[in-house]
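Enquirer: Have a look at this one.
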Amino acid sequence: MKIIKNPDLADYSSIHIGGLGNFLYMPQTENELLILLKELNNPLILGGGTNVVFADGFDRDVISLLNFSPRELCFIGNAVSVSAGAKLSRLVYEGCRAGYSGVEALAGIPGTVGGAIVMNAGSRYGSVSQFVKNIRVLSTKTSFARTFTVSEMEYSYRKSMLQHNTEYIVLGAEFEFCELAPVGVLTERASRIIKDRITSSIKLPNCGSVFKNPEYELSAGAMIDRLGLKGYKIGGISISKYHGNIFVNEASATYSDFANLVEYVRDKVFSEFKVRLCLEIRIMS
């Protein structure tokens, strides 16, 4: 197990915002994870950090699952068993190579499988909840593993019960896809989806969509675009010129820069559309 004292938390968030933390632990096995849960007080469980922003003064220990059983990926029939620490992009890549039709819908979504399951990550092409069947979790209260079915996850748009029930840590999951299809067809579809995603054009550090799309005729990005805010900057952070719902770290942005831009956009959107935007990314404080 790798242990890092005073880690630079910016290195563990895709938007590269954060100060020095206490300790960061990177377990590779369930036994190592169990030991940490018994020894640490209220640690943060972190996946790929693609939808996470660390607030100033964050002082919890962090358990990163990036190295957690990273090679565990097994195909059986139309199902795929995969560990929480595996990148979602690897699931897509290996699934396309195996001819699993449907897996290409998850192409271009960043982060780990575990994080994607918790957040019900997705795009307009599809979401994790459409394909995941069983989720294996570890209880921090009992130290025992159990399995949830997809119906028990209470999935909705970018939500699952695991976001408010912090007792459970995702260890892995089983996905089920459609009938087999030609590999060339699937890889071409996946490539097209990745190229079609706006984020493929954004090279600066970011954490994907900042706000959830509201129940409104316009998406969050469309409302911000209508206000002419693309490119608007506060400190080292700005709204991407490619997409109104993505903030980019241009030059050593601070958490204050990020928080101020969030509130500025929220106020502008509410003033014009009478819609209060809710965060899709998670603030770690």
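Enquirer: So what's the gap between the Cα centers of segment 49-104 and segment 121-152, to the nearest angstrom?
Expert: Comparing the Cα centres of segment 49-104 and segment 121-152, I get a distance of 12 Å.
Enquirer: Next question, about the same structure. Efficiency by 1/(1 + (r/R0)^6): what FRET value for Arg124 and Lys5, r their Cβ-Cβ distance, R0 = 30 Å, to the nearest 0.05?
Expert: On the way: r = 42 Å, r/R0 = 1.41.
Result of the calculation: an efficiency of 0.10.
Enquirer: Kindly sort His164, His243 by accessible area of their heavy atoms, largest first, with the probe set to 1.4 Å.
Expert: On the way: His164 135, His243 55 Å².
I get His164, His243, largest accessible area first.
Enquirer: About the Cα centre of the chain, how large is the charge dipole given +1 on each Lys and Arg Cβ and -1 on each Asp and Glu Cβ? Please answer in debye to the nearest 20. Could the numbers behind the result be given before it?
Expert: Values: 30 positive and 28 negative charges, 87 e Å.
Roughly 420 debye, rounded to the nearest 20.
Enquirer: Enter the accessible area of Asp8 (Å², nearest 10), with the probe set to 1.4 Å and all protein chains included.
Expert: 60
Enquirer: Per Stokes-Einstein, at 20 °C and 1.002 mPa s, what whole-number D in µm² s⁻¹ belongs to the chain, with the Kirkwood radius over Cα pairs as the hydrodynamic radius?
Expert: Details: Rh = 19.7 Å.
For the chosen part, D equals 109 µm²/s.
Enquirer: Hey, could you get me the Stokes-Einstein D for segment 129-285, Kirkwood radius over alpha-carbon pairs, 20 °C and 1.002 mPa s, rounded to whole µm² s⁻¹?
Expert: D = 117 µm²/s.
Enquirer: Over segment 114-251, what is the relative contact order in whole percent, taking alpha-carbon pairs under 8 Å and six or more residues apart? If you can, show how the numbers build up before the last one.
Expert: Values: 190 pairs, mean separation 24.6, N = 138.
Over segment 114-251, the number comes to 18 percent.
Enquirer: To the nearest 10 square angstrom, how much accessible area does Asp11 have with a 1.4 angstrom probe?
Expert: For Asp11, the solvent-accessible surface is approximately 110 Å².
Enquirer: Same structure again: Trypsin sites (Lys or Arg not before Pro) within segment 1-78: which are DSSP loop residues with at most 13 other Cβ atoms inside 10 Å?
Expert: Loop-located and lightly packed - Arg71.
Enquirer: Now a separate question. Quick check on the chain: helices-only [θ] at 222 nm, where DSSP H runs of length 4 and up contribute -39,500 (n - 2.57) each and the sum goes over total residues. Nearest 500, please.
Expert: Working: 6 runs with 67 residues, N = 285.
Helix contribution divided over all residues of the chain: -7000 deg cm²/dmol.
Enquirer: Which lysines have a Cα lying under 26 Å from the Cα of Lys241, excluding residues fewer than 8 positions away in the same chain?
Expert: The reachable lysines, counting only those whose Cα sits under 26 Å from Lys241, are Lys195, Lys203, Lys212, Lys230, Lys233, Lys268, Lys274.
Enquirer: Within the accessible area of segment 1-119, what % is carbon and sulfur when the probe is 1.4 Å and the other protein chains stay in place?
Expert: On the way: 2340 of 4920 Å².
About 48 percent, which is the carbon plus sulfur part of the accessible surface.
Enquirer: Once you keep just the Cα pairs under 8 angstrom separated by 6 or more residues, what percentage relative contact order results for the chain?
Expert: Working: 608 pairs, mean separation 50.9, N = 285.
Over the chain, the number comes to 18 percent.
Enquirer: When only the heavy atoms of the protein chains count and the probe is 1.4 Å, how do Thr50, Thr166 rank by accessible area, highest first?
Expert: Working: Thr50 35, Thr166 110 Å².
If we order Thr50, Thr166 from most to least accessible, we get Thr166, Thr50.
Enquirer: Counting only heavy atoms of protein chains, what accessible area per residue, in Å², does segment 120-242 have with a probe of 1.4 Å? Intermediate results must be reported in sequence, preceding the final value.
Expert: On the way: 6560 Å² over 123 residues.
Per residue, segment 120-242 has an accessible area of 53 Å².
Enquirer: Sticking with this one: Probe radius 1.4 Å, ligands and nucleic acids ignored: give me the carbon and sulfur share of the accessible area of segment 136-285 as a rounded percent. Let's see the in-between values first.
Expert: Working: 3880 of 7960 Å².
C and S atoms contribute 49 percent here.
Enquirer: Ranked by accessible surface with a 1.4 Å probe, highest first, in what order do Ser13, Ser209, Ser151 come? List each step's numbers first, then the result.
Expert: Numbers: Ser13 5, Ser209 45, Ser151 95 Å².
The ranking, largest first, comes out as Ser151, Ser209, Ser13.
Enquirer: Loop only by DSSP, 10 or fewer other Cβ within 10 Å of the Cβ. Give me the trypsin sites (Lys or Arg not before Pro) in segment 166-265 that pass, ordered by residue number. Numbers along the way, then the final one.
Expert: Details: sites: Arg189, Arg192, Lys195, Arg197, Lys203, Lys212, Arg226, Lys230, Lys233, Lys241; in loops: Arg197, Lys203, Lys212, Lys230, Lys241.
In loop regions of segment 166-265 (DSSP not H, G, I, E or B), the sparsely surrounded trypsin sites (Lys or Arg not before Pro) are Lys203.
Enquirer: Then there is this: Taking 8 Å as the Cα distance limit and 6 or more residues as the minimum spacing, I'd like the relative contact order of segment 24-96 as a percentage. Intermediate values should be presented prior to the final figure.
Expert: Working: 87 pairs, mean separation 22.5, N = 73.
Here the relative contact order equals 31 percent.
Enquirer: What does the extension gain come out to for Lys203 and Phe273, with contour length at 0.36 nm per residue minus their alpha carbon separation?
Expert: Working: separation 70, 0.36 × 70 = 25.20 nm, distance 3.02 nm.
Extending this stretch completely gives an extra 22.2 nm.
Enquirer: May I pose another question? Note the full-extension length gain between Asn67 and Glu176 as 0.36 nm times their separation in residues minus their Cα-Cα distance, in nm to one decimal. Kindly include the intermediate steps, with their values, before the conclusion.
Expert: Numbers: separation 109, 0.36 × 109 = 39.24 nm, distance 2.41 nm.
The span from Asn67 to Glu176 would gain 36.8 nm if fully extended.
Enquirer: Further, regarding this structure: Within straight cross-link reach of Lys5, meaning Cα distance under 29 Å, which lysines are found once same-chain residues fewer than 8 apart are removed?
Expert: In chain and number order, the partners are Lys38, Lys87, Lys141.
The values are calculated or read from the model by the stated rules, or taken from the named source; none is laboratory data. Predicted model, so just to flag it, every value in this text is computed and none were measured. When we count neighbours, we look across all protein chains shown, and the Cβ atoms used for this are built from the backbone with ideal geometry, even at glycine. Surface accessibility is based on the protein's heavy atoms, side chains included, excluding ligands, DNA and RNA. Shrake-Rupley method; radii C 1.70, N 1.55, O 1.52, S 1.80 Å.
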